[in-house]
């Protein structure tokens with residue numbers, strides 16, 4: 001089978017403006033498809049911004065008509081998409097990921113491990129998520145999941161070979177969070193990648209620096225600009241690069 005080409009979309013979000021954020025997502029999806037990406041992961045809550053106070057009023061069901069352009073883009077470009085959004089839950093919204101396959105099939109994942117304080121606005125998700133793509137089994141995580149070793153352990157038990165997440169990481173948390181990502185990659189002999197916001201969201205100053213790690217350590221990280229971080233696999237293993245995206249103006 002052809003190895004997947006994995007992409008991390010490093011962009012910022014406009015607080016609560018789904019239309020503006022969706023338009024930017026569609027631009028980035030097209031750019032990623034041109035770069036040969038077959039699965040593209042966006043940051044945590046990328047379609048709304050990380051806005052706990054707004055999440056209940058912005059929460060989606062997977063079949064929401066407003067998401068149709070993203071589903072059409074996945075099928076039209078032949079690319080899988082993992083976009084962040086609040087999903088309707090039982091009593092509160094969930095920090096979710098909309099997962100659209102390259103043929104337009106829709107599923108979801110919701111963050112299972114909440115940061116302290118998030119339970120006031122969100123409820124935890126249930127179940128884990130692995131995507132089969134070529135020879136890879138790709139586990140999907142959202143932010144605090146990546147800091148919970150039990151999340152990675154469950155995904156490993158399910159046969160994961162790659163671990164990808166949408167996150168919001170600030171300067172203060174970056175060193176510790178990425179050291180943990182490197183340990184996760186080494187422990188499970190995985191490719192690990194996270195897509196981070198690169199603009200303030202929810203009062204937090206996200207810093208970009210999205211990247212990939214493998215068992216030997218860091219492969220590549222972006223700077224703070226709008227970027228695609230892309231990983232490909234050949235006989236020598238995983239390789240990664242950064243491609244610039246046109247900044248939103």
Next item on the list: Kindly establish whether residue 195 is surrounded by fewer than 24 Cβ atoms within 10 Å (Cβ to Cβ) and in contact with a strand residue (DSSP E or B) (Cβ under 8 Å, 6 or more places away or on another chain).
Entry: no
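Considering only residues that are part of a loop (DSSP other than H, G, I, E, B) and free of Cβ contacts under 8 Å to residues at least 60 places away in the same chain, look in segment 131-165 and name the one that is surrounded by the most Cβ atoms within 10 Å (Cβ to Cβ). Walk me through how you get there before you give the answer.
Initial filter on segment 131-165 (part of a loop (DSSP other than H, G, I, E, B)): 134-135, 148, 158-161.
From what is left, the residues that are free of Cβ contacts under 8 Å to residues at least 60 places away in the same chain are 148, 158-161.
Numbers: 148: 16, 158: 12, 159: 10, 160: 22, 161: 17.
Per the criteria, the residue is 160.
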Margin query: Consider segment 96-123. How many of its residues are surrounded by fewer than 17 Cβ atoms within 10 Å (Cβ to Cβ) and under 22 Å from residue 153 (Cβ atoms)?
Written below: 2
Next item on the list: State all residues of segment 200-210 that are on the phi < 0 side of the Ramachandran plot and surrounded by 19 or more Cβ atoms within 10 Å (Cβ to Cβ); if no residue qualifies, say none.
Entry: 201, 206, 207, 210
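Just the residues that are assigned to a loop (DSSP other than H, G, I, E, B) and touching a residue at least 40 places away in the same chain (Cβ under 8 Å), please, taken from segment 226-238.
First pass over segment 226-238, keeping only residues assigned to a loop (DSSP other than H, G, I, E, B): 226, 235-236.
Listed by number, the list holds a single entry, 226.
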Item checked: Scan of segment 167-220 for residues that are under 15 Å from residue 9 (Cα atoms) and touching a helix residue (DSSP H, G or I) at 6+ places or on another chain (Cβ under 8 Å), ordered by number -> 167, 168, 169, 192, 194, 207, 209, 211
Checklist line | Index of the failed condition, residue 30 passing every other in (1) closer than 20 Å to residue 226 by Cβ; (2) touching a helix residue (DSSP H, G or I) at 6+ places or on another chain (Cβ under 8 Å); (3) surrounded by 15 or more Cβ atoms within 10 Å (Cβ to Cβ) | finding: (3)
Notebook entry, point to check: If you check every pair at least six apart or on different chains, which have Cβ atoms under 8 Å apart with a residue in segment 169-192 that is on the phi > 0 side of the Ramachandran plot first and a residue that is outside any helix (DSSP H, G or I) second?
Noted result: 189/215
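Just so you know, all these numbers are worked out from the coordinates, no wet-lab data involved. Because the structure is a prediction, the values reported are computed rather than measured. Glycine gets a Cβ as well: all are built from the backbone with ideal geometry, and neighbour counts include every protein chain shown.
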